[in-house]
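The values are calculated or read from the model by the stated rules, or taken from the named source; none is laboratory data. No experiment lies behind these values; they were computed from the predicted model shown. Neighbour counts run over all protein chains shown; Cβ positions are idealised from the backbone, glycine included.
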Amino acid sequence: MPRSRFSGSLSTPQVDVVIDMGNPFLNLTVDGFLKIGTVAAGRAAAEEAYHMVNKGNVSRHNLQLDELKKMCKEGAYWGTIAGVYVGTEYGVARIRGMNDWKSKMIGGALAGALVSAATNGNQDKMVVDAITGGAIATGIYVLNSLTW
């Protein structure tokens, strides 16, 4: 039975959303989608607001429809990419039995290739996106492992 919980604090910038889908794979995938999708939607809202104010074209109709459309599109796109990455990384870690930089790299490469295949299907672009996804995932793991 799916359930959710929302908690937060004004003193810390951390907001935790927990959705229990009954399966760790689904939990992590939905969590990644929601968190990154929300960040992307917020970024799109800030960018659209800046452009409207900069152009001097702030009307209620334009603000509501255009901004909402872009927010939804950006949130869904980046949320989907995050969900695919988190899901593939979890699957690779479960198959390998280890959650190390290699699992992150393989998960990032698979996610990059999957997203590229779904969006354009160009083989050269798929290889480049797989390399990029693996490099980004590995870099994030290395940076998170450093002690400052």
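Worth a mention:
Residue-wise test of (1) modelled with pLDDT of 80 or more; (2) assigned by TED's automatic domain parsing to the domain that holds Gly91; (3) assigned to a loop (DSSP other than H, G, I, E, B); (4) surrounded by fewer than 16 Cβ atoms within 10 Å (Cβ to Cβ).
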{"position": "Val17", "(1), (2), (3), (4)": "no, yes, no, yes"}
{"position": "Thr29", "(1), (2), (3), (4)": "yes, yes, no, no"}
{"position": "Leu34", "(1), (2), (3), (4)": "yes, yes, no, no"}
{"position": "Val39", "(1), (2), (3), (4)": "yes, yes, no, yes"}
{"position": "Gly42", "(1), (2), (3), (4)": "yes, yes, no, yes"}
{"position": "Glu48", "(1), (2), (3), (4)": "no, yes, no, no"}
{"position": "Val53", "(1), (2), (3), (4)": "no, yes, no, yes"}
{"position": "His61", "(1), (2), (3), (4)": "no, yes, no, yes"}
{"position": "Glu67", "(1), (2), (3), (4)": "no, yes, no, no"}
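- Qualifying residue in the stretch 80-88 (condition: surrounded by 13 or more Cβ atoms within 10 Å (Cβ to Cβ), out of contact with any strand residue (DSSP E or B) (no Cβ under 7 Å at 6 or more places or on another chain), among the hydroxyl-bearing types (Ser, Thr, Tyr) and not assigned by TED's automatic domain parsing to the domain that holds Asn27): no
- Cβ separations smaller than 6 Å between residues 6+ apart or across chains give the following pairs from the stretch 132-148 residues that are touching a residue at least 40 places away in the same chain (Cβ under 8 Å) to residues that are surrounded by fewer than 18 Cβ atoms within 10 Å (Cβ to Cβ): Tyr141/Trp101.
- Residue count for the stretch 69-105 satisfying the condition of being over 16 Å from Thr38 (Cα atoms), in a helix (DSSP H, G or I) and of a type in the set (S, T, N, Q): 2.
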